[in-house]
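In what follows, a structure is listed as structure tokens, so that the remarks can point back to it.
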Amino acid sequence: MCGIIGYVGSEDALSIIREGLANLEYRGYDSAGTALCGETVDVYKRKGELSALEGVLPSSSTATTGIGHTRWSTHGEPTDANAHPHTNESGDVAVVHNGIIENYDELKAELEARGHTFASETDTEVVPHLVEEELESGRSLVDAVSAVVDRLAGSYALGVVAAGHEGVVATRNGNPLVLGHAEDGTFLASDVPAFVEHTRRVSYPEDGDVIHITREGATVYADGEEVDREVIEVDWDAEAAEKGGYEHYMLKEIHEQPRALRQTISGRIDEVQGEADLEIDLPTEYLNSLEEIQFVACGTSYHAALYAAKLLEEYADVRASAEIASEYEFDGGRDPWRTLVVAVTQSGETADTLSALRRAKRAGARTLAVTNTLGSTVTREVDDTVFIRAGPEIGVAATKTFCSQVATLALLSVYVGRERGAMSSGDARELLSDLRGLPGAVQQVLDREEQVRVAAEEYADGDAFFFIGRRLGAPVALEGALKLKEISYDHAEGFPAGELKHGPLALVTSETPVLAVLTEGSNADETLNNVKEVESRGAPVIGCASLSVDAEKYVDEVFEVPELGELESLVANVYFQLFSYHVANLKGRSIDKPRNLAKSVTVG
Ligand code: F6R
């Protein structure tokens, strides 16, 4: 996720872009930049937070047209060169982009063959070069961008300026873009907060629209024809707008999961061949000789690793385990040459995970990182990295990163399983098709939020909360309990359902709600036996149950889980996120910054 902004009007574009970027910083903060446009295009950009950009911006400018960008890297580390805007070689076309251009490799090779040279590692940089070629053939900026868009695969929102061409041209496909219509000018942005101080009159272009913003306003074209897009008035204050209208970042991030997941899987699934492409190249001989995959991780990332270990054992025919990073030793007679150690860490900076990784490296094992953060410490220390592409997560409680981690690790299980010849193309196609269905299934759960809120109201006063599940439901039970305890401060415990009768059952009363995972891949029939055990002690039970499980007659409340094979338990987790959020919200907790916790734990 990145933030883009553009302005054309009668005011000073520099101040407007600067202010807009500050309002959009929640969308990405590893680099930022702007292009101010008149007879020339002047680009200023820097790695790091906005304060770093401030250091290179001119103190004033006469430009009244500009574009800006705040970046959360997906292609290329956060560096000055990779920061947006990107330009062609002569610097007279500049582009800001939010999204992923999937065919950039191919386009880049083609452009290089025609003599273009590139200054960054980004997917975006192909766009100004392609626009340049179209302009050279005599097209207007609108026609040039329209022609380029026909060549792009992937998802994007783009803002383009070119020296000597009036205004900004923008377009979108699958990524957000909103126009703001003020008295003194017109805005484009990824999100309303970028310009909400200037106007609340907004319109939303549709996918495929090409928009020309000039001093006169915005003209929108669809398939080359001018179209009207309704202008509406939004009723947000600036602070709420930054959270997309949600009360907390956590809730916003829970709702961002379908989009984050689309980014996670974008360009990585080949359903025809039954293959996953994670942009890594582990030698097939190495994968074939592997005896074990060890995941090292903490907290929520550890739960994602537990889920992944089960998928890998099933599909890749390899011993796989998840280890709590702070407890990790590379021992037990393992052969370092036949052990792959995978660090799962959204921040890439968790001290315990880094020190576990260093232990594995010292022992001689090959290492892989699965992270959300380009340029983070973990990426500099491992042999290979896979990015989960969830976009920045501001709320301390991890939500969308958990979902994107598990989805990425499911892709890893297809990659390793297929390379090792352990997974049939049929099984791979099934899991990949479930992955494709995942964003939609998560959306179906989000659409039932009201049911969860009402249940939260009913059960919020429980003395304690127990989360149970088996197999793929077990890590989700642990994650559900962690989420609830960290933001509501209630006592919550999660465990494999079979463990109930070995101790925790002593704590179960009519005042302790039990939340059970009853999905495919979680041995739901056996868990139902545990549900009966707690019910006979008077405990109220909420079951996250797929349609194939006959849960209704055993539980007090059913949260319906859409059918999605081995990923159903991951979808059930979204109910637990919402339940935790609403219980905590009812209690007025500090949800985005729970007491005693930090987003990134950089001490061991
Ligand atoms: C819980 C949470 C933490 C993190 C843990 C590891 O909501 O966010 O448990 O999962 O601190 O952090 P990363 O993934 O950054 O290594």
(request) Please list the radius of gyration and Dmax for the stretch 282-323, considering alpha-carbon atoms only, with Å as the unit. (result) 10.8, 33
(request) Write down the Kirkwood hydrodynamic radius of the stretch 131-194, to one decimal in angstroms, obtained as one divided by the mean of 1/r over all alpha carbon pairs. (result) 12.8
(message) So with the 1.4 Å probe, I'd like the accessible area per residue for the stretch 448-591, rounded to whole Å².
(response) 34
(request) Compute log10 of I(q)/I(0) for the stretch 342-473 with the Debye formula, placing one identical point scatterer on every Cα and leaving out solvent, at q = 0.10, 0.18, 0.22 Å⁻¹, to two decimals. (result) -0.47, -1.16, -1.31
(request) Note down, for the stretch 245-442, the three equivalent ellipsoid semi-axes (square root of 5 times each alpha carbon gyration tensor eigenvalue), biggest first, whole angstrom. (result) 25, 22, 13
(request) Please tell me which of these pairs span more than 29 angstrom C-alpha to C-alpha: K47/K400; K361/K501; K47/K599; K108/K252; K252/K587? (result) K361/K501; K108/K252
(request) Could you grab the relative contact order for the chain? Cα pairs under 8 Å, six or more apart, rounded to a whole percent. (result) 11
(request) Enumerate the aspartates and glutamates that K45 could reach by cross-link, defined here as Cα to Cα under 20 Å, with residues fewer than 8 away along the same chain left out. (result) D12, E19, E25, D30, E54, E77, D80, E89, D92, E121, D123, E125
(request) Provide the descending list of Cα extents for the stretch 3-241 along its principal axes, expressed in whole angstroms. (result) 50, 42, 31
(message) If I histogram all Cα-Cα distances within the stretch 456-540 using bins 5 Å wide from 0, what percent of pairs lands in each bin?
(response) 3, 17, 28, 27, 18, 7, 0
(request) Determine how many Å³ per residue the convex hull of the Cα atoms of the stretch 70-200 encloses. (result) 111
(request) Could you tell me what percent of the accessible area of the chain is made up of carbon and sulfur, with a 1.4 Å probe and every protein chain present? (result) 43
(request) Taking only protein heavy atoms into account and a 1.4 Å probe, give the accessible area per residue of the stretch 3-241 in Å². (result) 39
(message) As an exercise, find the ratio Rg/Rh for the chain from alpha-carbon atoms, using the Kirkwood inverse-distance average for Rh.
(response) 0.99
(message) More than 18 angstrom separation, counting every C-alpha pair in the stretch 448-591; what % is that?
(response) 47
(request) Keeping all protein chains in place, calculate the accessible area per residue for the stretch 245-442 (probe 1.4 angstrom), answer in Å². (result) 33
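The values are calculated or read from the model by the stated rules, or taken from the named source; none is laboratory data. In this text the structure is predicted, and so the values were computed from the model without any measurement. Just so you know, the surface numbers come from the protein's heavy atoms only, side chains and all, with ligands and any DNA or RNA stripped out. Shrake-Rupley method; radii C 1.70, N 1.55, O 1.52, S 1.80 Å.
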